[in-house]
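Here the structure comes first, spelled out in structure tokens, and everything after it is commentary.
Bear in mind these aren't lab numbers, they're just calculated from the coordinates by the rules spelled out. Nothing here was measured: the structure is a model prediction, and the numbers come from that model. FYI the Cβ positions are ideal-geometry reconstructions off the backbone, even for glycines, and counts take in every protein chain you see.
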Amino acid sequence: MPVMPNADVNGLSICYERSGPDDGPVLLLVGGMGQQLISWPPHLLRPLHEAGIGTVVFDNRDVGCSTWMDEAGPADIGGIIATLRAGGTPDWAYTIRDLADDAVGLLDHLGLERVHVLGPSMGGMIVQRMAIEHPDRVASLTSVMSTTGRRGLPGATKEANAALLEVAAPGLEGYLAGRAHRRAAYGSTGFAFDEEWELELAKGLIERGLNPDGGSRQYAATIADGDRTEALAELDLPALVVHGDVDNLIPPAGGEATAAAIPGARLHIVEGMGHDLPPAVCRMLADDVIALIGGS
């Protein structure tokens, strides 16, 4: 596995990779909960590069080869929710705002003043927060299978939530079993997967290091961020929202609410897409993003 550079960002070490053309627009791709930078499919990156778009991918804090926040311990999700329901303020290891600030810090390290941003799931929340808090750094926004955080929107099915929080048994066999469980609970039903690439990816993820405690802290961060609807309504930038119609983890209403909140946002509901990015969806997403960036 190639060694990738690390940047000193907000007192943390953030692992990243910059690829594709360096003389055109740049797209920063921000990962979802537990997503490592090697998880971005070539089926998405390749057409972006061929269209003249450079990409930056990175491990969020608590993921892969970036700094793990182990001193905070695993997040007690049940306790956090109970505290919120009682009107209290839980202790967070960090928030979505912190993760957005990490992303902006990486841009500073790379000398990138303004970029296009894309994020799925938790990554969508991070790029939304980037656009809200750092509007001068964001040229366009693509939010994929994400939500506004507004209370009252439909939530995950019981099966999907259990699959998300399940800690896989150690080793490749355990990881693959967990992946199969997640796919059955909230994966795409209308698209084929590249099983050969996903097997090699699984090996790479394990080699770089899986961090389930970090995943719990990231989940807590998504809860901490609250409702972004009013802030999203103040945005003035090209925006795209992509969501699957069979997403059982963040149902389509989350994407619909996001598109409704951002003035002028385009909504693309993909039939048969769940909470993942199979190759054919990657191609559609790349085409959408290329059009968005080309029109920015």
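Brief remarks on what is shown
- From most to least packed by mean Cβ count within 10 Å, the peptides 120-129, 219-228, 189-198 give 120-129, 219-228, 189-198.
- Note on Leu112 and Glu159: the extension gain reaches 12.8 nm, defined as 0.36 nm multiplied by sequence separation minus the Cα-Cα distance.
- Among Leu205, Leu240, the ranking by other beta carbons within 10 Å of each residue's beta carbon, starting with the fewest, stands as Leu205, Leu240.
- Amide H to amide H distances under 5 Å link Val144 with Gly119, Ser121, Gly124, Val242, where only residues 5 or more positions off or on other chains count and H is placed in the peptide plane.
- CD proxy at 222 nm, helix term only [per DSSP H run n ≥ 4: -39500 (n - 2.57); per residue of the chain; nearest 500]: -13000 deg cm²/dmol
- Karplus-derived 3J(HN,Hα) values for the stretch 249-257, using 6.51 cos²θ - 1.76 cosθ + 1.60 with θ = phi - 60°, are 8, 10, x, x, 4, x, x, 4, 5 Hz; glycine and proline are entered as x.
- For the chain, size of Cβ-based charge dipole, Lys and Arg +1, Asp and Glu -1, in debye: 480
- Tensor-based shape of the stretch 179-288 (alpha-carbon gyration tensor, a/c under 1.5 rounded, otherwise prolate or oblate): oblate
- Lone cysteines, the chain (no partner Cβ under 4.7 Å): Cys282
- Each of (i) 63, 45, 43; (ii) 75, 37, 33; (iii) 46, 43, 43 is a candidate for Cα extents along the principal axes in Å; the one calculated from this structure is (iii).
- Projecting the Cα atoms of Val57, Asn161, Val3 onto the charge dipole of the chain (Cβ charges, centred on the Cα centre) puts Asn161 farthest toward the positive pole.
- Sparse-neighbour loop sites [GluC sites (Glu not before Pro); the stretch 207-239; at most 14 other C-beta within 10 Å; DSSP]: Glu234
- FRET efficiency estimate (nearest 0.05) - Cβ-Cβ, Glu133 to Arg46, R0 22 angstrom: 0.10
- Sorting 261-270, 276-285 by average packing, meaning the other beta carbons within 10 Å per residue, from highest down gives 276-285, 261-270.
- Percent of beta bridges antiparallel (DSSP, the chain, rounded to nearest 5): 25
- FRET efficiency for the Glu17 to Ala82 pair, using the beta carbon distance and R₀ = 35 Å, is estimated at 0.30.
- Interchain or long-range residues, amide H under 5 Å from Cys15's placed H: Ala7, Asp59, Ser66, Thr67
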